[in-house]
Amino acid sequence: AGPIRSAAPGRAEASCRAMPPLLRLLLASLAAAAAAQAQEQPFVSAWPENPVVEFGGSLILNCSTTCQTVTFRSLETSLEKEDVGEGPTWKAFRLVNISDWHFAAICFFDCKDDEDMKPRRVSFTVYRLPELVELDPVSVMEAGKEYTLTCRVSNVAPIRNLTVTFLRGGQNLHTQTFEEHMALEAGNVVANHTVTARPTDHREEISCCAALDLRPGGTLFKRASFNQTLIIMDNTGMIVAIASIIMLKITLVITGIYSCCTRKP
C-alpha cells in the first residue's frame, strides 16, 4: 500500500480562510431575523405621548396597539373618563375635570397573539397659569446704592417650568429659574434681584415677567407685571430735593402764622 497522503495544504488553507466570512454572514442573518421579529412584536402606544392639560380642564387620550387580535381594551385611571370612540386596534377616552395634581393613566390591551404585551403608562403635565405677576413698589433710589427688586408670582404650576425675568428699559436684567422645585401643586413664587442705582437709569421703566414653558407638549405662556418708572437721584439732586422740601414746609408754616396774625377778630 502506498503512503498515506494528507490533504493538499493549499485546499485546507483556502477552506480556513473562507470560513470566517461565512460565519459572519450567518451571524448577520440571524441578527436581522431577530430584529425583524422584535419589530413585529405587538406594542401599545398613546397619543398625545406627553399630554399637557390645564388644571380643571379635559383631554382626549387615544390608546392604540399594533396587535391585530385584540380581545379587550381599557384605560386605567383614577380620573373620571368617557368613551368617545373605538376601532379594532384603538380606543379613545375623554378625561374630564382633571383636578388632581398626582395621577397617571395606563393604556391596556389584551392581545391573543401576545399574552405578554406590556401596557403603556402615560405621564401628564398639569398646569395652572399665574393669577398675578407683581413687582413690589420701587422707592426713589440714590445713585450708587444697592436696592433689592422683588417679583411675586401667585398660584402657578408646575413651578419647575417657571422662569422669572427682571427687565429695565426693555433689556433683561436677571433671569431666575426653579428647576429644582419638584412639587407638582400650584404655589406662590418670590424672586429677588439686587441692582445698583445708576444716574443713567433715571426715568427708565422696570418690570418683571413670568414665563411658563410647557413645550414640547404644550405652549410657552408669558405674563408681565405693570411697569414702574425708576427715579434715580444723585447726591446733588438729593440735597436739592431735601432742601426744597424743607423750604416748602417753612413757607407753609410762615404762611399759616401770618394768616393767623392778620385775621380780623
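Please go through segment 140-152 and pick out each residue that is hydrophobic (A, V, I, L, M, F, W, C) and free of Cβ contacts under 8 Å to residues at least 60 places away in the same chain. Lay out the reasoning, then the answer.
In the first step, residues of segment 140-152 are kept if they are hydrophobic (A, V, I, L, M, F, W, C); the result is 140-141, 143, 149, 151.
Correct list: 149 only.
The single condition from (1) farther than 30 Å from residue 206 by Cα; (2) open to solvent by less than 30 Å² (accessible area, probe 1.4 Å); (3) not in a loop (DSSP other than H, G, I, E, B) that residue 82 fails is (2).
Confirm whether residue 223 is touching a Ser or Thr at 6+ places or on another chain (Cβ under 8 Å) and open to solvent by 60 Å² or more (accessible area, probe 1.4 Å).
On the way: touching a Ser or Thr at 6+ places or on another chain (Cβ under 8 Å): no; open to solvent by 60 Å² or more (accessible area, probe 1.4 Å): yes.
Spelling it out, it is not the case that residue 223 is touching a Ser or Thr at 6+ places or on another chain (Cβ under 8 Å) and open to solvent by 60 Å² or more (accessible area, probe 1.4 Å).
Sub-8 Å Cβ pairs linking a first residue in segment 99-110 that is closer than 17 Å to residue 82 by Cβ and at pLDDT 90 or above to a second residue that is open to solvent by 60 Å² or more (accessible area, probe 1.4 Å) and of a type in the set (A, V, I, L, M), at least 6 apart or interchain, number zero. The one condition from (1) open to solvent by 80 Å² or more (accessible area, probe 1.4 Å); (2) of a type in the set (A, V, I, L, M, F, W, C); (3) within 25 Å of residue 216 (Cβ to Cβ) that residue 132 does not meet is (3). Among the residues making up segment 175-192, those that are open to solvent by 40 Å² or more (accessible area, probe 1.4 Å) and assigned to a strand (DSSP E or B) are 175, 176, 177, 188, 190, 192.
Scanning segment 193-220 for residues that are closer than 30 Å to residue 142 by Cα, in a strand (DSSP E or B), out of contact with any Pro (no Cβ under 9 Å at 6 or more places or on another chain) and open to solvent by less than 80 Å² (accessible area, probe 1.4 Å) yields 193, 194, 195, 196, 206, 207, 208, 209. Scanning segment 53-68 for residues that are assigned to a loop (DSSP other than H, G, I, E, B) and of a type outside the set (Gly, Ala, Ser), we see that the one that is surrounded by the fewest Cβ atoms within 10 Å (Cβ to Cβ) is 68. Selection of first residues in segment 128-139 that are farther than 28 Å from residue 56 by Cβ and at pLDDT below 95 and of second residues that are of a type outside the set (Lys, Arg) and exposed (fewer than 15 other Cβ atoms within 10 Å of the Cβ), restricted to Cβ pairs under 6 Å at least 6 apart or on distinct chains, gives an empty result.
The values are calculated or read from the model by the stated rules, or taken from the named source; none is laboratory data. Keep in mind that what you see is a predicted model, and the values were worked out from it rather than measured. Using ideal geometry, Cβ is built from the backbone for each residue, glycine included, and neighbour counts are taken over all protein chains shown. In case anyone asks, the SASA skips ligands and DNA or RNA and just uses the protein heavy atoms, side chains included. Shrake-Rupley method; radii C 1.70, N 1.55, O 1.52, S 1.80 Å.
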